[in-house]
Amino acid sequence: MTAVTTPVLSETGTGTPPGNVDGQAIAITVFSTVKRWGRAWLPVLFLEPKLLPQTLGTLEKLSFIHFARWSMVTELAWNGAPQPKTRLRRPHLYFESNFNGGWEEYIDAFSYVLREGMAAFWGSSYGFPGAVPPGPFKDYIKTSDRRLEASHFYSAYADSTVTIVKQALELDGLVADLRERAAELSPEQFKAEFSALLAKGQRCL
Amino acid sequence: MTTATATTLDLADIQGDILRAYGNAYASTTYVFVRIGDATAGGAWLAGLADQITNAEPWADGKPGSHLNVALTCAGLTALGLPDDVIGSFSAEFRAGMAGRAERLGDIGRNAPDRWDDGLGTGAAHVLVTVNALDEPHLGRALADLRAEVARHGHEIVVEQAAHTLPGSREHFGFADGFAQPAIEGATDDRAAGGGVPLRGGRWRPFAPGEFILGYPDEDTTLDPERRLPSAPTDPLGRNGTYMVWRKLHQDVAAFRDTISTAARHFEDGDEAKLRAKVVGRWENGSPLVTHPDAPATDFDGAAAGANDFRYHGPDQHGAKCPIGAHVRRSNPRDSIGWEGRLTYRHRIIRRGMPYGDPLPVGAADDGEERGLVFACFNASISRQFEAIQVQWLNDGNVFGLGHDADFLMGGIAEGGSMVVQGECPFYLGPQKPFVTVRGGEYLFVPGIAALRAIATWPR
């Protein structure tokens with residue numbers, strides 16, 4: 001392994017380095033060395049998301065995952081001392097994602113719901129044990145020389161999850177719509193419209 | 001790493017209270033926590049107990065009058081002189097103990113370990129002996145024998161918690177309980193419909209036994225081309241045992257009744273029984289709201305085939321019948337969060353519980369008496385099973401789209417939980433003081449009977 005890592009000094013209860021937690025948001029990173037054939041395969045995969053239509057659709061539906069990003073790294077920029085110059089002898093796959101909830105449950109979603117997609121992304125990385133069963137896959141992700149701790153991690157709404165923010169935005173739209181029309185409604189009409197708003201927006205309350 | 005071979009359960013070596021709910025047949029259960037005096041005397045006492053343990057084989061001569069089962073805390077294993085490398089082979093959460101995991105579990109504030117009953121969460125509780133008895137005479141004899149043996153070996157009883165079934169087999173809030181239990185391959189296959197792993201097309205299959213008994217293939221093993229077995233303590237301790245969670249939960253019955261009756265004045269013509277059912281997810285007699293949304297089935301029998309065969313996502317995705325935040329829907333969500341239950345099926349527990357204290361008469365004001373439920377459960381991984389349910393599903397609502405709402409029945413970390421009852425027009429249960437308070441608890445290891453003998457005779 002040639003991966004460059006930040007030393008992990010301590011861990012939170014979830015096995016996440018403390019620098020990767022900000023309120024409800026948790027960051028996860030995996031930096032894995034890519035086999036020779038991955039250098040040809042990964043660019044094709046990144047350019048053709050249609051290869052994995054189900055994976056991307058499912059990722060969007062799993063709203064505890066804020067985003068997931070895979071990129072291929074062939075060289076590390078040098079920003080001057082004290083950073084050591086590092087040459088990557090092989091390309092690396094850099095995965096980063098932010099999520100809410102349990103670390104174990106996050107990887108379980110990858111294993112149980114996104115199995116094929118995970119094989120497409122990580123199959124060309126050395127040591128990838130397969131996404132199923134999740135036990136060895138979790139060990140692979142936890143391996144410290146593949147894991148980076150963020151030196152800066154920021155969450156704008158630290159107490160809120162993405163699901164909460166999305167629900168608040170949806171409710172806000174409904175309320176704004178009613179507010180705009182409220183002046184022209186009779187009290188009876190307003191009561192009916194307000195009840196309709198509650199019914200329509202009840203999953204956001 | 002061990003690989004899987006035979007999957008036939010060794011019923012003669014598995015303790016009987018794991019796979020069978022004695023509470024259904026036995027009127028009383030007493031939980032006796034013992035502090036070991038000297039390690040050698042501890043071994044001698046346990047060796048004697050091992051001969052009296054009821055195993056999981058079918059009863060040949062009808063119901064025995066009483067049963068005895070044994071579990072140990074990590075402090076207990078240490079007190080019995082087990083070496084560090086053996087203790088290190090047990091799971092991290094078991095070694096930390098329930099009190100050591102308090103922050104993660106939300107056992108802070110009113111539920112914090114420093115407020116627990118004496119003897120719990122302090123390292124003083126080493127061995128739990130559970131005594132089930134058909135009636136008072138059997139219980140009295142079994143307890144007298146146990147107390148005498150504990151004293152004779154120089155040990156000390158630190159907690160003795162009596163529990164007993166209430167009239168009509170209800171818990172203190174008035175609900176029949178304990179219907180949805182996981183179906184286990186080779187033991188309770190017949191309970192798969194509603195109790196097993198949900199499959200496509202409305203089908204179910206029983207769980208791999210290693211989800212609940214150590215030393216057997218679990219759900220990961222069945223997906224693993226190498227058929228690796230889940231991690232377990234060093235042999236012979238890792239065979240035919242399991243982990244147990246024991247929690248004493250005080251119930252404020254008057255507060256629960258007052259809250260519901262006050263709120264029900266504004267709910268569907270003041271229908272208190274229905275509002276209570278909405279909070280729990282089942283009617284008082286146990287009929288599930290999702291299959292009986294308007295009124296309970298008058299002849300509901302939770303043990304009947306198919307009684308628990310239901311899902312949430314298809315028939316009731318938005319909670320119009322059974323609210324998304326109803327207690328049974330949160331603690332056993334089945335397919336409630338979609339993907340046919342694939343994000344929930346690794347988080348099941350075998351639940352056992354028994355009420356303690358006398359019932360509060362209907363209409364009575366709070367009498368200040370201690371009453372509640374002794375919650376016990378069995379699982380192969382406390383962190384993946386019990387703790388995930390407690391932390392991800394009961395203490396926080398995000399995974400269900402319920403924000404930070406805690407389970408309304410159990411109450412969360414903060415005071416003043418609330419709940420939305422979905423419906424044609426949603427009904428809001430406003431912030432309330434909590435109904436349930438943790439009085440103490442322990443994480444335990446339930447050894448197989450041969451493993452208990454090995455612990456008893458460990459070279460010291």
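The values are calculated or read from the model by the stated rules, or taken from the named source; none is laboratory data. Remember, predicted model here, so these are calculated numbers, not experimental data. Cβ coordinates were reconstructed from backbone atoms using ideal geometry, including for glycine residues, and neighbour counts include every protein chain displayed.
Every test in (1) without any contact (Cβ under 8 Å) to a residue 24 or more places away in the chain; (2) within 14 Å of chain B (Cβ to nearest Cβ); (3) within 24 Å of A:SER144 (Cβ to Cβ) is passed by A:GLN83 save one, and that test is (2).
Reported count of residues in segment A:96-117, each being surrounded by 19 or more Cβ atoms within 10 Å (Cβ to Cβ), under 21 Å from A:LEU45 (Cα atoms) and in contact (Cβ under 8 Å) with a residue 60 or more places away in the chain, is 1. All conditions in (1) farther than 30 Å from B:GLU211 by Cβ; (2) within 13 Å of another protein chain (Cβ to nearest Cβ); (3) under 31 Å from the mean Cα position of the chain (by Cα) hold for A:GLU193, with the sole exception of (3). Scanning segment A:124-162 for residues that are within 11 Å of another protein chain (Cβ to nearest Cβ) and farther than 27 Å from B:THR222 by Cβ, we see that the one that is surrounded by the most Cβ atoms within 10 Å (Cβ to Cβ) is A:THR161.
Where helices (runs of 4 or more DSSP H) fall entirely within segment B:224-342, those with at least 3 residues that are more than 14 Å from chain A (Cβ to nearest Cβ) and either of a type in the set (Val, Ile, Thr) or more than 30 Å from B:ASP107 (Cβ to Cβ) (or both) are at B:253-264, B:272-280. Tell me yes or no: at least one residue of segment A:74-96 is of a type in the set (Val, Ile, Thr), out of contact with any helix residue (DSSP H, G or I) (no Cβ under 9 Å at 6 or more places or on another chain) and at pLDDT 90 or above. Within segment A:74-96, none of the residues are of a type in the set (Val, Ile, Thr), out of contact with any helix residue (DSSP H, G or I) (no Cβ under 9 Å at 6 or more places or on another chain) and at pLDDT 90 or above.
Scanning segment A:196-205 for residues that are touching a residue at least 12 places away in the same chain (Cβ under 8 Å), out of contact with any Phe, Trp or Tyr (no Cβ under 8 Å at 6 or more places or on another chain) and either of a type in the set (A, V, I, L, M) or away from every other protein chain (no Cβ under 11 Å) (or both) turns up just one, A:LEU197. Restricted to helices (runs of 4 or more DSSP H) entirely inside segment B:30-147, those with at least 3 residues that are touching a residue at least 40 places away in the same chain (Cβ under 8 Å) are B:39-50, B:74-79, B:92-100. Of all the residues in segment A:175-190, those that are within 23 Å of B:PHE427 (Cβ to Cβ) and either out of contact with any Leu (no Cβ under 9 Å at 6 or more places or on another chain) or within 13 Å of chain B (Cβ to nearest Cβ) (or both) number 3.
What are the residues in segment B:368-423 that are of a type in the set (Lys, Arg) and more than 13 Å from chain A (Cβ to nearest Cβ), if any? Of everything in segment B:368-423, just one residue is of a type in the set (Lys, Arg) and more than 13 Å from chain A (Cβ to nearest Cβ), namely B:ARG371. Go through segment B:344-367 and give me each residue that's free of Cβ contacts under 8 Å to residues at least 40 places away in the same chain and within 14 Å of chain A (Cβ to nearest Cβ). The one that is free of Cβ contacts under 8 Å to residues at least 40 places away in the same chain and within 14 Å of chain A (Cβ to nearest Cβ): B:THR344.
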